[in-house]
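The values are calculated or read from the model by the stated rules, or taken from the named source; none is laboratory data. Nothing here was measured: the structure is a model prediction, and the numbers come from that model. Ideal geometry is used to build each Cβ from the backbone, glycine not excepted, and the neighbour counts take in all protein chains shown. Heavy atoms of the whole protein, side chains included, go into the accessibility calculation; ligands, DNA and RNA do not. Shrake-Rupley method; radii C 1.70, N 1.55, O 1.52, S 1.80 Å.
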Amino acid sequence: MTEADHLLTATAEPATATEGIEALPFFDLDAFRTDPFAVVDELHQQGALLARSDRGVEVLSRDLVRDWFKDDRFRVPNVHDYAAKGGSELLTHFVEHGDLLFMSPERHRRVRQIFARAFAVRRVREYREAIVAHGEHLLAQFAEAGEADLAVQFTSRFAPGALCSVLGIPLDEVDHFVDAAQDLRFIVAHPIAPHLDRLDKCLGTLHDYVVPLLAERTARPREDYLTDLIAAAGDGRLTPDELVWGTVNLLLAGSDTTARQLASSLYFMIAEGIWEQMAAEPDQIRTAIDESTRLLPVAFVLVRVPLVDVVVGGTRIPAGTTVLLNNFAAGRDPAAFDAPATFSLDRKLPIFPTVFGAGPHHCIGEQLAWLEMTSGAQLLTGALTDLQFAADTTFQTWTEPFSGPIAMPVTFSRRSPATSDAGLTA
């Protein structure tokens, strides 16, 4: 039985035996924006499982975060929530028809089953050669220079290019959608109001890119994933809106998230002085990335809404409250991890799987993300040595939807061919 099992009680508990969320310790978002580590560590030192912030109830416990991902007393935000926040017709249309995270359960089950087929383990392995070739192309553009920005010149282009390999999109078209796909991350921003115009712009850009792409592929089918999706729409398994907006969703899910998580992993490999160990022991790269997701998960928070009152440790969370499953806090939970602030390769895998969600909304692209991140890290550690930060790494603002380095300038030397050829593993 987990800590969460002990603390979670039936909602039938008398109201007099509980406190309201106003009694919870305060999660200061202004302070968090400046130093997220200090804010979360202080709350954990107080033994807090929950905290209240200006955006809702923050869940700090690893066990609660893990369990509530799968708890059917909670729902994900939906099209009605976005409409209530002032979302445009374009935004609500995308949420209803394309975003697997937010669509209704009935639609989600049907659409997810179709889109998930491209990301089965067997099929993902087939993409590896093309993904590695794309990484080698990017590496060749700066490998002889002795300096590069790994976030700008590699990770931000590597993940979208890998996705192109899966979808059957020409690599030279990445620039047509990558910036808009990255802006789509603001769909999970809290609050969302300041970003509504930006979301409309990026959704319009992506829609206008995807529609002719699908038309071209319909006219000239290929042996690729997009053609499979078009066939599903042709026989009625997907509606036209689900085909278009589901493809838009893939451009988001496969671009920004993986790029930022890979950048964070490369940052830790340099900062912790384990770059050469990763080059010599590429099988350890998976562990290093998993530990990086614990300390710096790309998705800091994911939202759930309780359908009923939920009581935790004497605190009643009313139905309808915005609950934020705080991955960042959960990864630093001292009740779940020894020396939680310390990067360690000695932890047991999987170290922190909740970064990909859990339950019915578990990320369908997890296997592809792991392939991209491990392949990218193996390629770089196998080709480059003497890595040093050339300037401070710039991280995304901590209260934005996704985290990770957005600028990571480094200096390096090329490895000799004899050692660099040994880096990639199956």
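Numerical summary
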read-out	value
Exclusive hit being open to solvent by less than 40 Å² (accessible area, probe 1.4 Å), out of contact with any His (no Cβ under 7 Å at 6 or more places or on another chain) and not acidic (Asp, Glu), set 397, 411, 354, 342	354
Filter result for residue 257 (within 19 Å of residue 49 (Cα to Cα) and open to solvent by 10 Å² or more (accessible area, probe 1.4 Å))	no
Residue within the stretch 30-46 that is modelled with pLDDT of 95 or more, on the phi > 0 side of the Ramachandran plot, of a type in the set (Gly, Ala, Ser) and not in a loop (DSSP other than H, G, I, E, B) present	no
Residue 264 being small (Gly, Ala, Ser), assigned to a helix (DSSP H, G or I) and without any contact (Cβ under 8 Å) to a residue 60 or more places away in the chain	no
Residue within the stretch 320-337 that is out of contact with any Lys or Arg (no Cβ under 8 Å at 6 or more places or on another chain), open to solvent by 50 Å² or more (accessible area, probe 1.4 Å) and assigned to a loop (DSSP other than H, G, I, E, B) present	yes
Selected residue [surrounded by fewer than 23 Cβ atoms within 10 Å (Cβ to Cβ) and touching an Asp or Glu at 6+ places or on another chain (Cβ under 8 Å)] from 215, 233	233
Every pair of residues 6+ apart whose Cβ atoms lie under 9 Å, when the first sits in the stretch 326-345 and is within 15 Å of residue 49 (Cα to Cα) while the second is part of a loop (DSSP other than H, G, I, E, B) and of a type in the set (Lys, Arg)	337/347
Every residue from the stretch 280-313 that is open to solvent by 20 Å² or more (accessible area, probe 1.4 Å), in contact with a strand residue (DSSP E or B) (Cβ under 7 Å, 6 or more places away or on another chain) and not in a strand (DSSP E or B)	307, 309
Search result, residues across the stretch 79-107 that are open to solvent by less than 50 Å² (accessible area, probe 1.4 Å), part of a helix (DSSP H, G or I) and farther than 25 Å from residue 162 by Cβ	79, 81, 82, 91, 92, 95, 97, 107
Subset of the stretch 35-54 that is out of contact with any Asp or Glu (no Cβ under 8 Å at 6 or more places or on another chain) and charged (D, E, K, R) - its residue that is most open to solvent (accessible area, probe 1.4 Å)	54
Filtered residues of the stretch 362-394 (kept if hydroxyl-bearing (Ser, Thr, Tyr) and either surrounded by fewer than 22 Cβ atoms within 10 Å (Cβ to Cβ) or free of Cβ contacts under 8 Å to residues at least 40 places away in the same chain (or both))	374, 385, 394
Some residue of the stretch 264-284 being under 17 Å from the mean Cα position of the chain (by Cα), polar (S, T, N, Q) and at pLDDT 95 or above	yes
Filter result (open to solvent by less than 50 Å² (accessible area, probe 1.4 Å), aliphatic (A, V, I, L, M), assigned to a helix (DSSP H, G or I) and over 14 Å from residue 374 (Cα atoms)) within the stretch 134-161	138, 139, 150, 151
Cβ pairs under 9 Å, 6+ apart, first in the stretch 81-103 and farther than 18 Å from residue 360 by Cβ and aromatic (Phe, Trp, Tyr), second assigned to a helix (DSSP H, G or I) and open to solvent by 20 Å² or more (accessible area, probe 1.4 Å)	82/92; 82/96; 94/207
Whichever residue in the stretch 219-229 is at pLDDT below 95 and either in a helix (DSSP H, G or I) or touching a strand residue (DSSP E or B) at 6+ places or on another chain (Cβ under 9 Å) (or both) and, among such residues, is most open to solvent (accessible area, probe 1.4 Å)	228
Hits in the stretch 77-132 (condition: over 13 Å from residue 246 (Cα atoms) and among the aromatic types (Phe, Trp, Tyr))	82, 119, 127
